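Every read-out reported here was derived from the displayed coordinates using simple, explicitly stated rules and does not represent laboratory data. Note that the coordinates shown come from a computational prediction; the quantities given were computed from them, not determined experimentally. Counting neighbours? That spans all protein chains shown, and the Cβs are built from the backbone with ideal geometry, glycine included.
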Amino acid sequence: MPDLNFVLPHWLYWLVLLLVPLIAMVVVRRSSRDRTRSALSLPFAYLLWLSGGFVGLHRFYVKNWLGAVYIPLFLAILYGNVHMRDARLVISEARTAVTVADFQVEHFQAAVDAGDEGASERLAAAEQALVAANEQLATATDSISWWRTATGGVAAAIALLLLIDAVLLPGLVRRRAALEGPAPEFSTAPTAEVPQAGTREDPARLVRTRVTDVIDAISGWTGEFVAYWSIIAVFAYYYEVVARYVFNSPTNWVHESMFLMFGMQYLISGAYAYREDAHVRVDVLYLYLSERGKVITDIITSIFFFIFSGSLLVTGWIFMMDSVNVWEVSFTEWAIQYWPVKIAIPLGAFLILLQGLSKLIKDITLLRRMGA
């Protein structure tokens, strides 16, 4: 089986971070409006074809048991990869043995030419070791070549089946959808929520004004946008597992790309979490205050919030400018751009600062309504 040498291009990484959330948001909104949709989805079937077609997942999705044909073929590839891995170890050891034996032959040949006693016997033994090492190397090379050809042929068979199924898949989905009918209706009645202790205790959370509606909408959109990045992580780590254990080709970019993505997600989603009052409060007194007491406490302590978020905005801006000025990249082999990641620091600080302003306006509005 040929190794995978794919390295994600930088431009594609940033394009995926931009487009996947936008596409996901459109699909979710369309699905929520479609009340007559089928229980099966052709785009999802193609997604299974692309990501898990090598084991027939797309066939199983439409309840077509011919997908079982893929399983023995895939197991054959795994079996061949095990033998190729063993052959690689033998080749490595044989090459070392050839190098050592070749050095000994040259050394003992020089000793024979110099007339050293007993050098002839040692030379003969070294020549025999060299011949044995070369034979072992040739055998291992032939073995890995045979298994590479065999697994490559099986992989070509899977690829051919996938191309055929790519054409047949729409018909398979339509026939199965006709048999199963439309998707069942799910109840839209609200369910009882059990908030985590210390969250959603803000009495002004549901207060609305024109200004706060705009700010809340911005926080909601940015939070939803970065939430869909988690989908990317599923496919990225899925690729890593398949590349590592099926193709013997571990990557050096998947982990770095994902921890940078989650770092930006953490920064940008802070405003949405603040809007939803989802940040856990480490405060045993606040929970027992009256609504009026909570509002007054939030107004007074907001000064500390603005000091923190303002400091984060200023220092984040400095970090960002230092990075942008030199077009900073990582020190790894992938050398991904760091400056977009640094931009997320002041951006996240600005969003949470903006949401803090919305929170303060709500608190003041609610306190005025209480007749303060």
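Of note:
- When restricted to residues that are of a type in the set (D, E, K, R) and over 27 Å from residue 274 (Cβ atoms), region 323-358 contains 2.
- Residue in region 318-327 that is surrounded by fewer than 19 Cβ atoms within 10 Å (Cβ to Cβ) and in contact with a strand residue (DSSP E or B) (Cβ under 8 Å, 6 or more places away or on another chain) present: yes
- Just so you know, in region 262-301 the residues that are closer than 27 Å to residue 221 by Cβ and basic (Lys, Arg) include one that is nearest to the chain's Cα centre (by Cα), and it is 275.
- Restricting region 259-278 to residues that are part of a helix (DSSP H, G or I) and of a type outside the set (A, V, I, L, M, F, W, C) leaves a set whose member that is farthest from residue 205 (Cα to Cα) is 263.
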